[in-house]
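Structure first, then comments.
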Amino acid sequence: MSKRMCLLVALVALVLSPGTHAAGVGVFEVAKDIGGAPGAGSTVMLEYVEQGGRLVNQYLITGWGSDIWGTRDQFHLAYRTMTGAVRVSACFKWVGGYYGPIPGTWSKYGVMIRASEEQGSVNYFMASRKDESLVQTSFRAATNGSCADVQVKTNTVPGATRPYRLGIQRVMLSGVIPVIEFLVDWGQGAGWERAGNLHVFPSVPDAALVGVAVGSMNGWDVAQAIATDVVYEVKAEFVGPAPALGVVPATAALATVGNTPGFKIRSLKPLFADGWGKAEMTKLLDFGCTGPVCTGPGMPVPADPMSIGERVSQFVNLHDTGGRGVFNADNGFPDESFPGIDAFQSPTADPAGGDDDNTFATEVTAVVHLTAGYHVFAARHDDGVYVSVGGVLVGSNDSWDNNAVSKFVFQVEQEGDYALNVRCFEGSGGAALELLELVFSGPSTYKAVLLGDVANGASAVVTQ
């Protein structure tokens, strides 16, 4: 496109209001500003251009606003509402310099899957910034929550100066489990590669907004990008390796179980700890001690917990300090303390605010009745957590997360009763553990309930 035409379309885009473009434009059903950025955003379809021996669509997209980040977004989005497996991809380049606005350092263009037009909506965004030698992934996993874990991938393809093509897709693992995968093609014949992590069971509805986005970060500036060859496809395969799922064999089913509903919860706090993490948690829970001389049963040193507690609870909904999560007294599921950890609280008392307990381990055991097929357990945890079903580790998160939610997908070969074991270590700061199950509530849509909450669709649990 000539500089003269570039200037013309840029001026046209700047004077059109987002309301003018709330209807469809080209392949998009809707094109509008998100988050109340007033008046500057637009999507304008340009003439088709020849690319690789074929004519492809071309759009000038103008965006502005505070950013696509934090808990609130302001940017311009052109999208279609799509269900099931879908991939959107496009080629981009900035419009800037002599005839147009120069994009700011944090201006972004890219492809997005989003739950809604709301400013704080859940979204998954594959983007590039002013420095087009790298790409970044970001996501907001909860409505009005903070965006998390920008993962930057730098170009390693010789001769490529910017990503040739960006893509994002929702793949249905085994035909039923939605997974978000971020994609980049640096050109030069390199083809698609995965960028960032997979997101299993993303918090977006089946009918999601899928499209292209441009934002400037600065509410008083605009950024413009050309999106070329925007393509929507139904895709059923991953670009990178598919996530490995735990398989619980039929042979792991228990012949007989008890009939007392609930979980057995045990917490231990060591007298001393030589470092802290998974290894020390395992020593403490298995042998009642920590430190370098703690090697196993029969060792010539006494057990060293200074605090130990155990109880049976209907749900695992534990809290000491930090975020309380979704399930608490406000919705009829009061938090419980970690048993035996706080000497100033009775075992079932609502935890006292600000009474911080650190460096301890918790183990949960039970028997859970599972149908054959795929299941999704989740843990809201602070810090590391490890979940085993039928003796199979179906998921873990070793990180020192602050009130994170980890989802664990696994397959059960045969309906039956299976031993459940969950271990969690607390380092410092907030401490919490909720055990959840994601229950089917629509096509590729699940709701989170407390594991054992049979009334709301969760699997039945009894003490072991």
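No lab work stands behind these numbers, since they all come straight from the coordinates. All values derive from a computational prediction rather than experimental measurement. Every residue, glycine among them, receives a Cβ derived from its backbone with ideal geometry; neighbour counts consider all protein chains shown.
What the table below lists for this structure:
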read-out: Dmax and Rg, reported as Rg then Dmax, of the stretch 247-462 (C-alpha, Å); value: 17.0, 57
read-out: Stretchable slack from ALA190 to THR282, in nm (0.36 nm times residue separation minus alpha-carbon distance); value: 28.7 nm
read-out: Rough spin-label spacing in nm, given labels placed 7 Å along Cα→Cβ, for THR365 and THR143; value: 4.1
read-out: The stretch 139-148 - phi-based ³J(HN,Hα) in whole Hz, Karplus 6.51/-1.76/1.60, Gly and Pro as x; value: 7, 10, 8, 9, 4, 6, x, 7, 5, 9
read-out: For the stretch 3-233: span of alpha carbons on each principal axis (Å, largest first); value: 50, 40, 29
read-out: Helical contribution to [θ] at 222 nm, DSSP H n ≥ 4, -39,500 (n - 2.57), averaged over the chain, rounded to 500; value: -1500 deg cm²/dmol
read-out: Lysines with Cα under 19 Å of LYS283, excluding same-chain neighbours fewer than 8 positions away; value: LYS269
read-out: Sequence-distant lysines (8 or more away, or on other chains) whose Cα lies within less than 29 Å of LYS93; value: LYS3, LYS32, LYS108, LYS130, LYS153, LYS235
read-out: Peptide ranges 81-94, 247-260 listed from the most packed, as the mean C-beta count within 10 angstrom indicates; value: 81-94, 247-260
read-out: Mean projected area in nm² (Cα convex hull; one quarter of hull surface) for the chain; value: 25.4
read-out: In range of the label at GLU413: residues from the stretch 237-279 whose backbone nitrogen is under 16 Å from the point 7 Å along Cα→Cβ; value: 245-255
read-out: Long-range amide H partners of VAL394 with built H, under 5 Å; value: VAL387, SER388, VAL389
read-out: Relative contact order computed over the chain (Cα-Cα under 8 Å; 6+ residues apart), in percent; value: 14
read-out: Sequence-separation-based contact order of the stretch 3-233, relative, with Cα cut under 8 Å and 6+ spacing, percent; value: 27
read-out: Most to least packed among 447-457, 361-371 [average Cβ atoms within 10 Å]; value: 361-371, 447-457
read-out: Nearest-20 debye value, the stretch 46-204 charge dipole, Cβ charges on Lys, Arg, Asp, Glu; value: 100
read-out: Full-extension gain in nm, GLN51 to ASN402, via 0.36 nm per residue minus C-alpha separation; value: 121.6 nm
read-out: Using alpha-carbon coordinates, inclination of helix 278-287 to the longest axis of the chain, degrees; value: 20
read-out: Loop-resident sites, the stretch 168-254, for GluC sites (Glu not before Pro), counting at most 16 other Cβ within 10 Å (DSSP); value: GLU237
read-out: FRET efficiency for ASN328 and GLN151, using Cβ-Cβ distance with R0 set to 22 Å, rounded to 0.05; value: 0.10
